[in-house]
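Input: a single structure, listed below in structure tokens.
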Amino acid sequence: MPDTTPPSPQDPEHRDTPPYGPPGGNIPPGYPQGGQPGAYPPGYYQQPPPPKKHRKWPWILIGVVVLFFGGCIAIIASSMGGNDEPTVTSGNGSGGQSADTGLTFQGKTDGDTAANAGDSVTVDNVTTTTTPLADETDPFSSVLCTTVTINNAGDDPADFAEFDWKLQDPAGAIRNTWITGRPNVLSYGNVAPGGTATGDVCFDNRAGSPPGQYVVLYDPSFDFSSDRVGWINQR
């Protein structure tokens with residue numbers, strides 16, 4: 001590109017003006033001759049740009065999600081692992097029979113099992129028995145109580161909890177368990193393989209409750225199955 005610097009009266013031919021560099025035409029030692037723009041002296045080191053940081057939180061989040069869903073699948077598989085058909089053993093010792101006994105109660109679904117009070121119902125090697133409802137007097141209220149017995153003939157511990165039990169009255173209203181001061185309540189826990197647990201489960205016997213069919217329902221809260229067991233009491 002030709003030099004377009006206008007000539008000065010003292011130096012019309014640009015003979016005393018260097019092409020680049022500081023005034024006076026002195027080029028520092030080590031720079032290329034001609035003073036090209038962008039040239040660096042020998043030994044000059046240009047620091048490279050810092051490496052880009054990779055974000056780790058997306059991978060951590062993905063790992064947490066995978067572990068969460070894996071745990072949920074394991075819980076569901078565990079809860080659905082048992083698939084034995086329920087059997088009902090009459091309380092009078094007449095032997096076991098299929099859950100399809102012909103008994104029914106209000107709200108019974110196809111997956112529910114019906115039995116008479118005093119019968120034993122076996123599901124996945126765990127046998128549960130409830131006695132007929134009895135009127136009991138609590139210090140502050142009147143209650144209906146049944147004694148629950150759980151026998152575990154399986155290979156794994158069986159969970160039980162007092163709040164898994166409910167009472168359906170003749171009007172179809174379902175009552176939760178009633179807190180009492182009785183010493184032998186069922187409470188909650190596990191039954192070891194080969195073990196037995198026994199305890200009382202009580203419900204509010206409110207004034208004016210009509211006579212008719214009362215159903216003691218076993219409806220586990222932490223079971224993904226909606227199947228229930230109902231023991232029928234005629235009062």
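Just so it is clear, none of the values below were taken in a lab; they were calculated from the coordinates. Only a predicted model underlies this, so the values are computations on that prediction, with no experimental measurement involved. Note that each Cβ is placed from the backbone with ideal geometry, even for glycine, and that neighbours are counted across all protein chains shown.
Estimated at 0.36 nm per residue, the fully extended path between ASP155 and SER142 surpasses their Cα-Cα distance by 0.7 nm. The charge dipole of segment 89-235, taken about its Cα centre with unit charges on the Cβ atoms of Lys, Arg (+1), Asp and Glu (-1) only, comes to about 480 debye.
The simple Förster model, with R0 at 25 Å and r as the Cβ-Cβ distance, assigns ALA171 and ASP84 a FRET efficiency of 0.15. Between LEU103 and TYR188, the simple label model (points 7 Å from Cα in the Cβ direction) yields a spacing of 2.7 nm.
Projected over every direction and averaged, the convex hull enclosing the alpha-carbon atoms of segment 86-202 yields 7.9 nm². Relative to the globular-protein estimate of 2.2 N^0.38 Å, the Cα radius of gyration of segment 167-223 stands at 1.36. Over all other residues within a Cβ to Cβ distance under 14 Å of ASP155, the charged ones net out to -3, with Lys and Arg as +1 and Asp and Glu as -1.
Derived from the Cα gyration tensor, the three semi-axes of the equivalent ellipsoid of segment 107-170 are 24, 16, 11 Å, largest first.
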